[in-house]
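A.B. asks: Before I ask anything, here is the structure I am working with.
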Amino acid sequence: MIMPEVGPAGQQRLKEARVLCIGAGGLGSPAALYLAAAGVGQLGLVDFDEVDLSNLQRQILHGTKDIGRKKLDSARDRLRDVNPTIDIETHDCRFTGENALEIVSRYDLVVDGSDNFPTRYLSNDVCVFARKPNVYGSVFRFDGQSTVFAPHLGGPCYRCLFPEPPAPGSVPNCAQAGVLGVLPGIVGSIQANEALKLILGVGTPLIGRLLYFDALKMKFREFNLRRDPQCPVCGDSPTITQPIDYEQFCGVSTNMIPTISVRELKQKLDAHEKFQLVDVREPLEHEIASIGGARLIPLGELPGRLSELDREQLTIVHCHSGQRSAQAVRLMREAGFANVFNLEGGIAKWSDEIDSDVPQY
Ligand SMILES: [Zn+2]
């Protein structure tokens, strides 16, 4: 309140503001903490996940006492502790094409802290439809980026930059690729900063500019972004005017992928059944934790190494949590493997339910 750019009137604006954070994870943690601390009067969180030990290195809303709890419950407790005078609205669900517009319509702006492409496209599209600024952030290992998508205020949307999603499985998320814990701290704080500026109407928002951060070189770079007049969502004659099927658009739908449970795998191993167990994670992950007898073929090498596998034999594919292996199963089925299954929940579930000696990471 003591800053002339804010003052009592600005503080009142913050109190009246409604901000939705998509995800209570690495980016959502610092963003929500600072927004709550700043006195944003209504803070919404949408998440469906539970706190896992492996989250705590970066998801600072949560602590060891919260492991196994809903992230939303843990986040609400922590944010209430920071500021008991604000309203915290929790949306305990996946953010989907069915509910996104309804949820977003209750807020003034969105802070997108999601870690996957279907949610990013969805969050982008509904924010364009509803004319709400979408404060974007993403992190990968030592690199981060942030911008504000708000075509109604100028600048492009996410689709102007990335009209097509990347090939399924080609860009791993934080849990798969790893991220320096402080990085989402920095990028999530930048998102909170942009959200506060937009609410207060001060400074120059990151609209039409992408801020790129390299933590190893400690360099910030800025790129100018332009709106694409041909953009299907924010262009001059939009062709997409309501939410689509984003899982299908991004090719990550796992609906049709045949699966096998960790229990079934355990039974087969105990019974010494003959089958191939393929691990499609990266060598470093295989070194940290592996299931006995699994053969390592990283997903990126799989297309060129299919000849190493027996097409007729039962094949079970696993990764860390089941996403990459689902892509592998799809790829192998398309290549003519008829008897191939995805291990549901991956090695993480194996460690949880079958063999706790296999380390969690
Ligand atoms: Zn656009």
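A.B. asks: Accessible area per residue for region 123-173 in Å², computed with a 1.4 Å probe and the full protein assembly in place, what is it? Let's see the in-between values first.
C.D. replies: Numbers: 1800 Å² over 51 residues.
Here the residues of region 123-173 average 35 Å² of exposed surface.
A.B. asks: Now for a different question. Quick check for the chain: number of Lys pairs with alpha-carbon distance under 16 Å, counting only pairs 8 or more apart or on different chains? Before the final figure, lay out the partial values.
C.D. replies: Numbers: Lys15/Lys197; Lys132/Lys197; Lys266/Lys274; Lys266/Lys349.
Close lysine pairs under the 16 Å cut-off: 4.
A.B. asks: Between Leu296 and Glu5, how many nm apart are label points set 7 Å from Cα along the C-beta direction?
C.D. replies: For the pair Leu296/Glu5, the computed spacing is 4.9 nm.
A.B. asks: Let me ask something additional. Can you send over the carbon and sulfur percentage of the accessible area for the chain, probe radius 1.4 Å, protein chains only? List each step's numbers first, then the result.
C.D. replies: Working: 8530 of 16890 Å².
Carbon-and-sulfur percentage of accessible area, whole number: 50.
A.B. asks: Now a separate question. Run the dipole for the chain about the Cα centre, Lys and Arg Cβ at +1, Asp and Glu Cβ at -1, nothing else charged, and hand back the magnitude in debye, nearest 20. Mind showing how you got there, number by number?
C.D. replies: Details: 37 positive and 45 negative charges, 184 e Å.
Here the chain has a charge dipole of around 880 debye.
A.B. asks: Dipole size in debye (nearest 20) for region 1-79 around its Cα centre, Lys and Arg Cβ +1, Asp and Glu Cβ -1?
C.D. replies: Details: 10 positive and 9 negative charges, 27 e Å.
Charge dipole, region 1-79, about its Cα centre: 140 debye, nearest 20.
A.B. asks: On to the next question. Which value, in debye to the nearest 20, describes the size of the charge dipole of region 27-126 about its Cα centre when Lys and Arg Cβ atoms bear +1, Asp and Glu Cβ atoms bear -1, and nothing else is charged? Don't skip to the answer; put the middle values down first.
C.D. replies: On the way: 11 positive and 17 negative charges, 60 e Å.
In debye, rounded to 20, region 27-126 gives about 280.
A.B. asks: Which distance in Å, rounded to a whole number, links the C-alpha centroids of region 313-345 and region 55-100?
C.D. replies: Between the Cα centres of region 313-345 and region 55-100 lies a distance of 33 Å.
A.B. asks: Per residue, what accessible area does region 196-299 have, given a 1.4 Å probe and all protein chains present, in Å²?
C.D. replies: Value for region 196-299: 60 Å² per residue.
A.B. asks: State whether region 213-358 is rounded, prolate or oblate according to the following rule on the C-alpha gyration tensor (a ≥ b ≥ c being the square roots of its eigenvalues): a/c under 1.5 gives rounded; otherwise a/b larger than b/c gives prolate, and the remaining case gives oblate. Walk me through the numbers on the way to the answer.
C.D. replies: Working: a/c = 2.41, a/b = 1.72, b/c = 1.40.
Prolate, since a/c reaches 1.5 and a/b exceeds b/c.
A.B. asks: What fraction, in whole percent, of alpha-carbon pairs in the chain exceed 34 Å separation?
C.D. replies: Numbers: 20359 of 64980 pairs.
Cα-Cα pairs in the chain separated by more than 34 Å: 31 percent.
A.B. asks: What residue among Gly10, Gly68, Gly28 has its Cα farthest toward the positive end of the dipole of region 2-139, where the charges are +1 on Lys, Arg and -1 on Asp, Glu, each on the Cβ?
C.D. replies: Gly10
A.B. asks: Would you work out which of Phe48, Leu196, Ile260 lies farthest towards the positive end of the dipole of the chain, given +1 charges on the beta-carbon of Lys and Arg and -1 on that of Asp and Glu, about the Cα centre?
C.D. replies: Leu196
The values are calculated or read from the model by the stated rules, or taken from the named source; none is laboratory data. These numbers come from a predicted model, not from an experiment. With ideal geometry, Cβ positions are generated from the backbone for all residues, glycine too; neighbour counts draw on all protein chains shown. Protein only, heavy atoms only, side chains kept; ligands, DNA and RNA dropped before computing areas. Shrake-Rupley method; radii C 1.70, N 1.55, O 1.52, S 1.80 Å.
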